[in-house]
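Notes follow the structure.
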Amino acid sequence: MRESFSGLVIRRGEKGFGKAFEFAEIAFRNLPFLEEFHFFELVDSTNERAKSARPFSLLFAEEQTSGRGRLERSWVSKKGGLYFSIVLPGYNVSKLTLISALSAAEAVKDSKIKWPNDVLLFGKKFCGILGEAFEDKAIVGIGINVENDVSEFEFACNIKSYYPLSIKDVFENVMKNFAKNYTDLLAGKWREIFERFAKICETRGKRVKVITPGRVIEGVAELSEDGAIVVNGEKIYSGDCIHLR
Ligand code: BTN
């Protein structure tokens, strides 16, 4: 049996009341390129739904039943967190993923980034990004623990444990940052974006163990401007990175 999830599609300029319109208003006000906002109370995965959405759409869910993470992992998505995917015309997905992590990190004071795109507060992860290319589109899925319970996970935290920010506050901040970073990216300001990323990326200079399909590489990590890390002179674009010290 296939579960079916119905969402509400709001187009720029449409007016209405309720939670869906409140979040849509934040998204449309901050993202000048946005044309459609899809709101789901419950959905399998916004990244999955994004495959059939048009470029310049944002898909937002209050809860996901099959939230997906990097490296075939799942992303537990209980109420109280932020779960959304932005659909853009095909572009360099790793750069879009990097600007998404940066936009989330710059939205919450004291955030740090663990390569490639985990966002941490005081050593624990509160945000993850899943960037995917699908047909001629780029999809960036952003999951943020705001006030959802994460006590079952040893290495996760939520923002509420540190700062009194609401889901709307966090969404607003991320939208604002994403708009700026995306505009800068399209304007060719990659170096400036990358420098801001590098400044808060904790992985630089750390001894790491990187697990890639079929290989484990250990050494001191440096960042490369194309978003890869360099360990023992070798560039790695994707993998599970463990900080050893
Ligand atoms: C990770 O850290 O492994 C990435 C997690 C990405 C989770 C988000 S939540 C919104 C979007 N929909 C999904 O199914 N996944 C992403």
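The values are calculated or read from the model by the stated rules, or taken from the named source; none is laboratory data. From a predicted model like this one, the values you see are computed outputs, not experimental measurements. All Cβ positions, even for glycine, are placed from backbone atoms using ideal geometry, and neighbour counts span all protein chains on display. To get the accessible areas, we keep the full protein, side chains included, count just its heavy atoms, and leave off ligands, DNA and RNA. Shrake-Rupley method; radii C 1.70, N 1.55, O 1.52, S 1.80 Å.
Of all residues in the stretch 114-161, those satisfying the criterion of being farther than 14 Å from A101 by Cα, assigned to a strand (DSSP E or B) and in contact with a Leu (Cβ under 8 Å, 6 or more places away or on another chain) are K137, A138.
Pairs meeting the criteria (first residue in the stretch 20-47 and closer than 23 Å to G69 by Cα, second residue of a type in the set (D, E) and open to solvent by 10 Å² or more (accessible area, probe 1.4 Å), beta carbons under 8 Å, at least 6 apart or on different chains) are F40/E62; E41/E62; E41/E63; L42/E62; L42/E63; V43/E63; D44/E3; N47/E132. Residue check: L59 meets all listed conditions (1) within 17 Å of L8 (Cα to Cα); (2) open to solvent by 10 Å² or more (accessible area, probe 1.4 Å); (3) touching a Ser or Thr at 6+ places or on another chain (Cβ under 9 Å) but one, namely (2). With respect to (1) surrounded by fewer than 24 Cβ atoms within 10 Å (Cβ to Cβ); (2) under 25 Å from F21 (Cβ atoms); (3) touching a residue at least 60 places away in the same chain (Cβ under 8 Å); (4) not aliphatic (A, V, I, L, M), the lone exception for W75 is condition (2). Each residue in the stretch 78-92 was checked for being modelled with pLDDT under 95 and either open to solvent by less than 10 Å² (accessible area, probe 1.4 Å) or of a type in the set (F, W, Y) (or both), and 1 of them qualify. For the stretch 93-110, the criterion of being surrounded by fewer than 24 Cβ atoms within 10 Å (Cβ to Cβ), within 17 Å of the chain's Cα centre (by Cα) and assigned to a strand (DSSP E or B) is met by none of the residues.
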